[in-house]
Amino acid sequence: MSDLALAVFASETGTHLLRPPRDPRWRTHLRDFAAEAYERRLAEQGLRFLARSSAAFPPLLGSIHDPPVGLFVRGTAEPELLSRPAVAIVGARACSGYGASVARSIGRELAHTGLVVVSGMARGVDGEAHRGALEAGGATIAVLGCGIDRDYPAAHSDLARRIAETGLIVSEYAPGVEPAPWRFPARNRIVAGLCAATVVVEARERSGALITADLALEEGREVFAVPGEITSALSAGANALLKLGASPLTCAGDVLASFGLERDVPATRDGFLDLLPATADELAQRTGMSAAEVARTLVELELAGAAAVHDGVYRIR
């Protein structure tokens, strides 16, 4: 049985299949399917297919209870990237400015240490996590809930191009498959399955990020949640995960420690640490940086465990 034939059949029939169905349409499809010709067409589009039966298929993903029959792959990196130590960073599409900054900083620092950052290329937290990894010159993988040839959302076409230049975009869906609501929970199991740990930055009570976290917990993977304001709906999901036993994430070092890695204090502009203690306004005045640049650098220092804030004053930790 061809894993590629089954993946294409599932895509064409709009079904979620992990094994050959008892369906006469499948037998007809298998009889007529020309794998070599299909693979040539994939190659012409800069695409590949990595079968579940391949020795190169990522072992962590292969060990979940419902692994995909294979992955369609886009990007310049070798498939080996899918088997490297990885962390999923997920969260709300309509995240807050704080959530976006945290996702980007965590993605940047984890990628800087050599971990692969995995997410779903959605708006909000996902996109920021990918951007942080790219800023660090690290590796990132985007998992799609649509055909491998689609950039979804379309607004992230440039981000997709940047990811594919150095990393990978993957999907269990063949070219031409349109996004559909039911495909995204299925996509989330791949995000979680590729990773030894999942980080939830911001999530509402019924967020898709919680599906990813639940799937990670079911597979015995570590789950981290960034604590949020108890009055914010954007924090309800992450705070609920903490009640269920997720590990609180207060700096990137929390994740790195689970991999046996040490964190680096990020390089800061104009000797930021030398200017502490100070308020954000004082730092902006002393450095000439914009309020946004100051806020971003302070978040990086907090996540790295190098600085802490109390009553609006930042001090070296």
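For the range 252-271: of the residues being crowded, with 17+ Cβ neighbours inside 10 Å and modelled with pLDDT under 85, which is nearest to the chain's Cα centre (by Cα)? Once the filter is applied, the top-ranked residue is R263. Of all residues in the range 171-198, those being closer than 19 Å to S119 by Cβ, modelled with pLDDT of 95 or more and assigned to a loop (DSSP other than H, G, I, E, B) number 5. Entry remark, the range 132-154: residues being under 16 Å from the mean Cα position of the chain (by Cα), among the acidic types (D, E) and either within 20 Å of I190 (Cα to Cα) or crowded, with 19+ Cβ neighbours inside 10 Å (or both) number 1 in total.
The set of residues from the range 162-183 being within 16 Å of the chain's Cα centre (by Cα) and surrounded by fewer than 19 Cβ atoms within 10 Å (Cβ to Cβ) comprises R162, A164, T166. For the range 117-127, filtering for residues that are closer than 24 Å to E262 by Cβ and without any contact (Cβ under 8 Å) to a residue 60 or more places away in the chain leaves 1. Number of residues in the range 223-256 that are closer than 12 Å to I89 by Cα and among the charged types (D, E, K, R): the value is 0.
Checking the condition in contact with a Gly (Cβ under 7 Å, 6 or more places away or on another chain), open to solvent by less than 70 Å² (accessible area, probe 1.4 Å) and under 22 Å from D126 (Cα atoms), which residue from L234, L249 passes?
Working: L249 fails: in contact with a Gly (Cβ under 7 Å, 6 or more places away or on another chain).
That would be L234, the only listed residue that is in contact with a Gly (Cβ under 7 Å, 6 or more places away or on another chain), open to solvent by less than 70 Å² (accessible area, probe 1.4 Å) and under 22 Å from D126 (Cα atoms).
Buried (at least 21 other Cβ atoms within 10 Å of the Cβ) and of a type in the set (S, T, N, Q): is that true of S157 in this structure? Here the answer is no, as S157 does not meet what is asked. Scanning the range 294-317 for residues that are at positive phi and modelled with pLDDT of 80 or more yields a count of 2.
Taking the conditions (1) out of contact with any helix residue (DSSP H, G or I) (no Cβ under 9 Å at 6 or more places or on another chain); (2) buried (at least 18 other Cβ atoms within 10 Å of the Cβ) in turn, D274 satisfies each one other than (2).
Screening V201 with (1) farther than 25 Å from T76 by Cβ; (2) open to solvent by 10 Å² or more (accessible area, probe 1.4 Å) gives one miss only, at (2).
Being open to solvent by 20 Å² or more (accessible area, probe 1.4 Å), within 15 Å of the chain's Cα centre (by Cα), of a type in the set (K, R) and under 20 Å from A292 (Cβ atoms), is that true of even one residue in the range 90-99? The answer is no, given that none of the residues of the range 90-99 is open to solvent by 20 Å² or more (accessible area, probe 1.4 Å), within 15 Å of the chain's Cα centre (by Cα), of a type in the set (K, R) and under 20 Å from A292 (Cβ atoms).
Taking first residues from the range 159-170 that are assigned to a helix (DSSP H, G or I) and partners that are of a type in the set (S, T, Y), the Cβ contacts under 7 Å between residues at least 6 apart in sequence or on separate chains come to I163/T140; A164/T76; E165/T76; T166/T76. Number of residues in the range 4-24 that are assigned to a helix (DSSP H, G or I) and at pLDDT below 95: the value is 5.
Scan the range 277-293 for residues that are surrounded by 14 or more Cβ atoms within 10 Å (Cβ to Cβ), at pLDDT 85 or above and not acidic (D, E) and the total you get is 4. Here P21 fulfils each of the conditions (1) open to solvent by 60 Å² or more (accessible area, probe 1.4 Å); (2) farther than 17 Å from V177 by Cβ apart from (1). The residue that is surrounded by the fewest Cβ atoms within 10 Å (Cβ to Cβ), counting only those in the range 24-54 that are more than 27 Å from the chain's Cα centre (by Cα) and among the hydroxyl-bearing types (S, T, Y), is T28.
If I filter the range 102-111 for residues that are closer than 19 Å to E172 by Cβ and open to solvent by less than 20 Å² (accessible area, probe 1.4 Å), do I get at least one hit?
Within the range 102-111, the subset closer than 19 Å to E172 by Cβ is none.
No.
The values are calculated or read from the model by the stated rules, or taken from the named source; none is laboratory data. Everything numeric here is computed off the predicted structure, so don't read it as measured data. Here the Cβ is made from the backbone with ideal geometry for all residues, glycine too, and neighbour counts use every protein chain on show. Ligands, DNA and RNA are excluded from the accessible area calculation, which covers all protein heavy atoms including side chains. Shrake-Rupley method; radii C 1.70, N 1.55, O 1.52, S 1.80 Å.
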